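A.B. asks: Shown below is the structure under consideration.
Rule-based calculations on the coordinates, nothing more; no lab input. Every value quoted in this text rests on a predicted model; they were computed, and no experiment measured them. In this analysis, Cβ positions are derived from the backbone assuming ideal geometry, glycine residues included, and neighbour counts consider all displayed protein chains.
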Amino acid sequence: MRTIQRFALALTIIGALNWGLIGFFNFDLVAAIFGGQDAALSRIIYSLVGLSGILCLTLLFKVWEERETVEPTNQGYGKVNYGTEFGEESDITDVRDISARNDKDRQELT
């Protein structure tokens, strides 16, 4: 159904542009392309645009579904990678382990 609605919307836009040309410049593009307003092909195009307008009326009353926005998570944050393209990744340990090592090193020095 979406394909038909998109096709109908495209034809409705074409019809609106044609009516804009008629209103502003007194020029009927469909009639100019297809051989006048009374030509069979022009009448078919006018009919298709009219049916498309009727089909697009259903879009006015359609309940639009709201998409849920995805909240960013903090999963990737805080995991710092100090590695470079050519070097090894450094081993990042917990802050408590680092402070324990520093305390141990201080005791050895004294």
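A.B. asks: Given a Förster distance of 22 Å, report the FRET efficiency between THR58 and ASP38 from their Cβ-Cβ distance, rounded to the nearest 0.05.
C.D. replies: Taking R0 as 22 Å, the efficiency between THR58 and ASP38 is 0.10.
A.B. asks: In Å, the Kirkwood hydrodynamic radius of region 2-60 over pairs of distinct alpha carbons? Could you put the intermediate results ahead of the total?
C.D. replies: Numbers: mean 1/r = 0.0850 Å⁻¹.
Mean inverse Cα-Cα distance, inverted, gives 11.8 Å.
A.B. asks: OK, next. With the crude spin-label approximation of a point 7 Å out along Cα→Cβ, what separation in nm comes out for ILE4 versus PHE25?
C.D. replies: About 3.5 nm, to one decimal.
A.B. asks: Follow-up question, since we're still on this one. In whole angstrom, note down how far apart the Cα centers of region 24-52 and region 1-19 are.
C.D. replies: Each part reduced to its Cα centre gives a spacing of 14 Å.
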